[in-house]
Amino acid sequence: MIETLLEQLMMSSLWELAALLFALGYLVLAAHQKQWCWLSATISCSIYAVLFWQGKLYMESVLQAIYVVMAGYGWWQWRFQKSAAQESPGGAKYSLRWHLLQWAWLIPLAAMTAYMLSVYTDADAVWLDTYTTVFSLLATWLVTKKAYETWWYWLVIDSVYVYLYASKGFVATALLFVVYLGLVIYAMWRWHQDNSQPEPVKSAG
């Protein structure tokens, strides 16, 4: 099985491998709250937008295009924001009620979109494709706000992506998302460590 995966990995296009490397760069830089993560994301998502469209994962392709726009917003936000620890000392930035309200309209929106795609297009894996797309947008928006709970979303979403991309033949990208899962856990630890650091004591006078 490992030999088969390696053979499929070697057959991956240079464009997919380039997108993979920039995607890894994005997550590593984001884990350390480095603003350059958004430039890396822009390059990676631009490449993936084309690849996924060619693979008939239309929602994923649209998602990547939206990511490019959100990367610009994220760059602007992070330029003027403090660290995640300073923005949200307690960790999570939004309440459970806030998240439930988002699910209340995102879940039916995703269902309606998936149904329309299944009826009117030749898109593949429409249900997984659509739900991962919709909730990836929410999770990415949370990253731009430096909200810690974004990483909980990515743990679930990236697990689904491993299966989705492998089933569509994007083996290198599927393997990337296996690595992503480890990096997401690292990012959770890193941001938690930042949140746990006491603020420096200011000298009197």
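Only the coordinates and a few stated rules stand behind these numbers; no lab work does. None of the values given here were measured: they were computed from a predicted structure. Methodologically, a virtual Cβ is constructed for each residue, glycine included, from the backbone with ideal geometry; neighbour enumeration extends over all protein chains shown.
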So, R0 is 35 Å and r is the distance between the beta-carbons of Tyr186 and Tyr115; what FRET efficiency does that work out to, to 0.05?
0.40
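What value in Å³ per residue do you get for the convex hull of the alpha-carbon atoms in segment 87-198?
On the way: hull volume 10.2 nm³, N = 112.
Cα convex hull per residue, to the nearest whole number: 91 Å³.
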Can you tell me the Rg and the Dmax, both Å, for the Cα atoms in segment 12-61?
11.4, 34
Gyration tensor (Cα only) of segment 23-157 to equivalent ellipsoid, semi-axes in Å sorted down, yields 27, 19, 10
Between Gln54 and His32, what is the FRET efficiency for a Förster distance of 22 Å, r being their Cβ-Cβ separation, to the nearest 0.05?
0.10
